[in-house]
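Written below as structure tokens is the structure these notes are about.
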Amino acid sequence: MSGVSVKIDLSGLSKLNRTIETFSRKIKDRRALNLALATTLRECTRKRFETKKTPEGKAWTSPLVQSGDLRGKLLIDANEQIAKVGSNLVYAAIHQFGGVIKAKKGKALMFTVGNKTLFRRKVTIKANPYLGVSEQDEAALADTVKVYAEEALKDD
């Protein structure tokens with residue numbers, strides 16, 4: 001996945017880590033578990049677009065929803081070690097981390113705010129993190145592990 005993504009070291013999430021440790025001996029397919037975790041985190045991230053808050057609970061400085069592509073095109077990936085959620089949209093990183101967009105070779109950037117069309121040589125975009133893990137997300141991830149483990153234990 002190119003573009004922007006956030007890798008999260010799950011060992012730092014105490015509640016989730018305890019749940020994983022409890023069931024780790026009986027869970028054989030770690031990739032499938034990580035895929036389930038990535039799916040849960042994608043849904044948590046999509047809900048963040050409704051609350052318009054960062055994973056830390058701070059209000060976004062500007063709305064990230066115009067076309068809905070950033071919310072709708074969140075990608076997931078997983079392997080034995082990681083679960084990833086992110087976006088390969090060209091503007092995803094600027095919204096996550098903030099930065100300056102400059103017009104190329106003396107031209108102007110054109111954008112619409114409300115009913116006005118504006119032209120600027122550069123625009124500063126404030127960071128509006130949408131990727132990450134909130135306390136509620138951590139609880140949802142822990143629940144995903146529990147459900148996955150319960151299903152895995154049924155087969156024994």
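Run the reach check for LYS102 against lysines, Cα to Cα strictly under 16 Å, same-chain hits fewer than 8 apart removed. What comes back?
LYS122, LYS126
Might you report the magnitude of the Cβ-based charge dipole of the chain about its Cα centre, with Lys and Arg at +1 and Asp and Glu at -1, to the nearest 20 debye? It would help to have the intermediate numbers written out before the result.
On the way: 29 positive and 17 negative charges, 275 e Å.
I would put it at about 1320 debye.
Would you list PHE111, PHE97 from the most to the least accessible area, probe 1.4 Å?
Working: PHE111 65, PHE97 130 Å².
Largest to smallest exposure gives the sequence PHE97, PHE111.
Relative to the longest principal Cα axis of the chain, at what angle does helix 135-154 sit, 0 to 90 degrees, rounded to 10?
Value to nearest ten degrees: 40.
In this model, which of LYS73/LYS116; LYS28/LYS146; LYS7/LYS84 are farther than 18 Å apart at the alpha-carbon? Can you show the working numbers first?
On the way: LYS73/LYS116 28 Å; LYS28/LYS146 14 Å; LYS7/LYS84 6 Å.
LYS73/LYS116, as the Cα separations exceed 18 Å there.
If all Cα-Cα distances of the chain are sorted into 5 Å bins from 0 onward, what percent lands in each bin, rounded to whole numbers?
For the chain, the pair-distance distribution reads 2, 9, 16, 19, 16, 12, 9, 6, 5, 3, 2, 1, 0, 0.
Return the aspartates and glutamates within reach of LYS154: Cα separation strictly under 19 angstrom, same-chain partners fewer than 8 residues apart disregarded; answer none if there are no such residues.
Straight-line reach from LYS154, under 19 Å: GLU21, ASP29, ASP143.
Between LYS116, LYS107, LYS84, which gets the highest mean-square fluctuation from a Gaussian network model of the chain, Cα cutoff 10 Å?
Residue with maximal mean-square fluctuation among LYS116, LYS107, LYS84: LYS116.
Please report the accessible area of ARG71 (heavy atoms, 1.4 Å probe, ligands and nucleic acids excluded) in Å², nearest 10.
Ignoring ligands and nucleic acids, ARG71 comes out at about 80 Å².
Which GluC sites (Glu not before Pro) in region 42-83 pass both tests, a DSSP loop state and at most 13 other beta-carbon atoms within 10 Å?
Numbers: sites: GLU43, GLU50, GLU56, GLU80; in loops: GLU56, GLU80.
Those that pass, being in a loop and sparsely packed, are GLU56, GLU80.
The values are calculated or read from the model by the stated rules, or taken from the named source; none is laboratory data. Please read these numbers as outputs of a predicted model, since none were measured by experiment. As a convention, Cβ positions derive from the backbone with ideal geometry for all residues, glycine included, and neighbour counts pool all protein chains shown. Keep in mind that these areas ignore ligands, DNA and RNA; they rest on the heavy atoms of the full protein, side chains included. Shrake-Rupley method; radii C 1.70, N 1.55, O 1.52, S 1.80 Å.
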